[in-house]
Each structure stands twice: as C-alpha cells, then as structure tokens.
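Input: a single structure, listed below in structure tokens.
Computed from the coordinates by the stated procedures, all read-outs in this text should not be read as laboratory data. Everything quoted here is computed from the prediction, not taken from an experiment. Positions of Cβ are backbone-derived with ideal geometry, glycine not excepted, and every protein chain shown enters the neighbour counts.
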Amino acid sequence: MYFDPKDGMRPPPFKHSVYNALVVPRPIGWISSISTDGVINLAPFSFFNALCGAPPCVMYCPNGFKTGTEEEKDSLTNVRETGEFVHNMCTVELLDAMNATSAHVPSSVDEMAAAGLHAVPCEKVKPPRIKESPIALECVVLQIVDLPAWDNTPPNTMVIGEVVGIHVDDNVIVDGMIDAREVKPLARLGYLDYAPILPEHVFSVPRPD
Ligand SMILES: Cc1cc2nc3c(=O)[nH]c(=O)nc-3n(C[C@H](O)[C@H](O)[C@H](O)COP(=O)(O)O)c2cc1C
C-alpha cells in the first residue's frame, strides 16, 4: 500500500497511528533535566539519537503538549531555562522505571525519586544522572529547533546537545570495549512494543575493507 501522511496517519486498514512503527527499532533517550527551582525531571524520548562523534552530539524531540494542557513538556521548558540535560541509557532491567517516568505529573514532582531511582550528581552539568543506568551523557544545549507542525496540531521541537561528560559503569567494559551483552539496551518499537537486546542477539561482522 501507499499513503500520503497529509491524509492522516491511520489509513485503512490501520487501527492506530502508524508512524511510530515505521522507523524501528529506536533507542530511548532517557532525559534528566532540572527546573530553575531545582526539581529533577526525567522522561523517555524515542525520537532521540546520536548525531556525530567529534564533538559528540545527541538530539531528542519533546513533541506536543503535556496531556490535557496546552503547555510544553517539562523536558523542554527546563532545557530552555537551564541549557543542560543528561541522557541516561535505558536497559532491559530498567523498563518499568523508564515507563513510569513517561507519566504526566506536575512539574513540582521529582520524577527520578518517584520512579524509585537514585540521583547521582554530574561533573559539569546541574541535572543529575541515574545511578542505576550504566551509561550517562552530560549535555549542554547547542540549539533548540522548531520542527514543522500541521495546522491545529501541537508544536514539535528538537533539542540538540553537545556531550561534555561521559559516565560508563566499569562493569560493562570488557576487554577494552563497551560490551552490549553486559549493557542489555532496550529498544522502542511501534505502539506499546519494545525489544530487548540480550547477549544472544549480539554478533560482530567484519567490514569488507
Ligand atoms: C518509550 C517512550 C518513548 C517516548 N518518546 C517520546 C518522544 O520521542 N517525544 C515525546 O514528546 N514524547 C515521548 N514520550 C512521551 C513522554 O515521555 C511523556 O510525554 C513525558 O510525560 C514527558 O515528560 P515531561 O513533561 O516531564 O517532559 C515517550 C514515552 C515512552 C514511554
């Protein structure tokens, strides 16, 4: 089948908006930020990725409003006001905590503590990282980009950050490399689906040249 997205993201026979299932698997940016009042915010974003390596840059997209409001998401307000965020790697073991942090809660709530996670201070930025996560990237905002929005739909935004500090749990370093078998990253698929990357899924392929 073929369809034009401007005609809607749910053409027959699809029962739900299909876009989230078209580009998979996606990594999950688990973004901690802090308000000017010092409240820790934490939320997952699967419109997230690494952009370049020298210097390392990442992006995530807080799209739409907080549910039931016309207010932008806290993960956007905080970085507009402070210019800093942290990406925490979400692993298979952290699935439930990650999912809990996608709830829409008042900005006065410390979402890291509410999810039963522990905050560890960062080296160069104010937002803390998650102790339970094996990899964390401290980031300063480079640019906040307004993405297109169709008529009468809420705004879409991309936050681009430069990574200024990197934390790696020594337990995931094996033979001088980060071992994905130890990290066990979690990937987002479409709808409410996820995929674990378990040791038996990982293999290496030599390059042709
Ligand atoms: C796995 C997962 C991925 C998500 N990805 C995004 C995303 O890329 N962009 C987005 O705006 N919301 C995404 N959400 C929803 C946000 O996490 C949710 O709106 C959250 O409450 C925002 O929190 P905040 O207001 O504290 O920033 C995702 C939720 C889940 C569970």
### Where trypsin sites (Lys or Arg not before Pro) fall in DSSP loop in region 82-163, at most 12 other Cβ within 10 Å
Lys124
### Message
Sort Ile135, Ile173 by Cβ crowding within 10 Å, fewest neighbours at the top.
### Response
Ile173, Ile135
### Query
Which of Val174, Ile130, Ala43 sits closest to the plus end of the dipole of region 24-199, meaning its Cα is farthest towards the positive end, when Lys and Arg get +1 and Asp and Glu get -1 on the C-beta?
Val174
### Task
At 7 Å along the Cα-to-beta-carbon direction for both Ala54 and Asp96, put a label point, then send me their distance in nm to one decimal.
4.4 nm
### Message
At 7 Å along Cα-to-Cβ for each site, give me the label-to-label distance between Asp146 and Glu123 in nm.
### Response
3.7 nm
### Message
Restricted to Cα positions, what overall size does region 133-198 have along the principal axes? Three whole-Å values, descending.
### Response
52, 32, 15
### Query
Under a GNM of the chain (C-alpha, springs under 10 Å), which listed residue has the highest mean-square fluctuation: Asn88, Asn63, Asn152?
Asn152
### Message
Multiplying the sequence separation of Ala113 and Ile166 by 0.36 nm and subtracting their Cα-Cα distance, what value in nm do you get?
### Response
16.8 nm
### Task
For the chain, with a Gaussian network of springs between Cα atoms less than 10 Å apart, report the residue from Ile28, Ile40, Ile144 with the top mean-square fluctuation.
Ile144
### Query
Dipole magnitude of the chain about its Cα centre, charges +1 at Lys/Arg Cβ and -1 at Asp/Glu Cβ only, in debye to the nearest 20?
380 debye
### Task
Using a 10 angstrom cutoff on alpha carbons, build the Gaussian network for the chain and name the most mobile of Gly53, Gly176, Gly29.
Gly176
## Note on the structure
Nearest-0.05 FRET efficiency for Ile173 and Ala103 at R0 = 22 Å, using Cβ-Cβ distance, is 0.10
### Query
Over region 1-130, how many percent of alpha carbon pairs lie in each 10 Å bin up to the one with the longest distance?
11, 38, 32, 14, 4, 0
#### Entry: Net +/- balance of residues flanking Pro27 in space, Cβ distance below 14 Å, scoring K and R +1, D and E -1
+3
